[in-house]
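Report on the structure given below.
Any read-out appearing in this document is the output of simple, stated calculations on the displayed coordinates, not a laboratory observation. Predicted model, so just to flag it, every value in this text is computed and none were measured. Every residue, glycine among them, receives a Cβ derived from its backbone with ideal geometry; neighbour counts consider all protein chains shown.
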């Protein structure tokens, strides 16, 4: 099997302070660009090998009470029978595969003996030749090559500088006090979304604000498409004049305009967050390539949803029990009957409603103490990875992999989900 070619590295925040970048800086940066390693910080501090999130501490005067449990709305209970969740499964390898997907130079080391189906999936995801002769991950390659998601040096420099600034701020923050669900949401934005949006800038092309001006950015049922913006027009924007460049992918809040029920009457199925991709990623701007997403893949401006709870209303054990007989039948993962009669099942009902109404295939749920990633494998199957501790050193990279995969599915198609969930089972321990 052909090995993936050399690509630009994954920029996790702590990596910007490692001395290796001082002698091997990323290519294509503007002349005179100043990044952390040029300040001598790398030699003045111990080697930084990880980016951990800051712990969240429950405020003694919380406004969200322990008994505050979500009631499942009638709109979710009334999801058509054929679109209801039927099977819940676990993939012990999902988190690892998401992390490996972020590393453009490493490829993937298959875990154990692969079946022929898994080998075929591996070839689809990591061995397929992409535009310009690139193989492996859809991460921007050397500037001289034609690639699906090219980046300019100015965008890369802005993103790396922003990441460095965020990391300095983050490492000096004390543990955060949280007193409500919105407070936990704020920390998700500060500690995960802010750096991850910058990491996304190092991988994907910015989308242009014409997507917003036409009204098509948030409306999946609008058939008319805005004009495609070419490479030369992106280059002409230069230093990002105000009001002309809107970057996507970008996290945001759902609205009635994005809900599957039209007409402004939707009352349920709203996630806390969506990752908006923008039309620039739904339809390639490079000449000679297909302008349609992969068959069966997401066809809207978002493909990832997130749900946030508090650790005292939904404890770590409630998330852990999603992968237990409290939620689905051992051995088969059978989720029926369609009744939200336990706290773990209520979480799953809520997640499924959000994925159904917003047509997302990837997502996460967190209570600010632990976090789980999940994938809608097909019309009736939901696959979860193992819970991860909020302070796990690999949490951010796993989340980055989820974001990359949700965006790349537009081109790679649903077999990407199958690869990430390979080895799934329902043998609850």
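From the Cα gyration tensor of segment 360-429, with a ≥ b ≥ c the square roots of its eigenvalues, which class applies: rounded if a/c is under 1.5, or else prolate if a/b is larger than b/c, or else oblate?
Cα axes put segment 360-429 in the oblate bin.
Mind ordering 269-275, 12-18 by average Cβ neighbours within 10 Å, highest first? Please report the intermediate quantities before stating the final value.
Values: 269-275: 23.3, 12-18: 20.3.
Result, highest mean Cβ count within 10 Å first: 269-275, 12-18.
Using 0.36 nm per residue, how much length does the chain from residue 391 to residue 341 gain when fully extended, once their Cα-Cα distance is taken away?
On the way: separation 50, 0.36 × 50 = 18.00 nm, distance 3.06 nm.
Stretched fully, the residue 391-residue 341 segment lengthens by 14.9 nm.
Highest mean first, how do 197-203, 335-341 rank when packing is the count of other Cβ atoms within 10 Å averaged over residues?
197-203, 335-341
Between residue 18 and residue 317, what length comes free when the chain is fully extended (0.36 nm per residue of separation minus the Cα-Cα distance, one decimal in nm)? Don't jump to the answer; show the numbers that get you there.
Values: separation 299, 0.36 × 299 = 107.64 nm, distance 3.72 nm.
Once the chain is fully extended between residue 18 and residue 317, it gains 103.9 nm.
Most exposed first by the Cβ proxy, i.e. fewest other Cβ within 10 Å, how do 381, 332, 49 rank?
So the residues, fewest neighbours to most, are 49, 332, 381.
Say each of residue 329 and residue 57 gets a label point 7 Å from the Cα, pointing the same way as Cα to Cβ; how far apart are those two points in nm?
About 4.8 nm separates the two model spin labels.
Please report 345, 58, 253 as a ranked list, fewest other C-beta atoms within 10 angstrom at the top and most at the bottom.
Working: 345 21, 58 17, 253 12.
Final ranking by Cβ density, sparse to dense: 253, 58, 345.
Label 7 Å along Cα→Cβ of residue 73; segment 346-372 residues with amide nitrogen under 13 Å?
Label zone hits: 350-351, 353-358.
How do the peptides 315-325, 72-82 rank, highest first, by the average count of neighbouring beta carbon atoms within 10 Å per residue? Walk me through the numbers on the way to the answer.
Numbers: 315-325: 18.1, 72-82: 13.0.
Ranking, from highest mean packing down: 315-325, 72-82.
Say R0 is 35 Å: what FRET efficiency, to the nearest 0.05, do residue 177 and residue 255 get from their beta-carbon distance?
On the way: r = 30 Å, r/R0 = 0.85.
FRET efficiency, residue 177 to residue 255: 0.75.
Where does each of 329, 346 land when they are ranked from fewest to most other beta-carbon atoms within 10 angstrom?
On the way: 329 14, 346 18.
The order, fewest Cβ neighbours first, is 329, 346.
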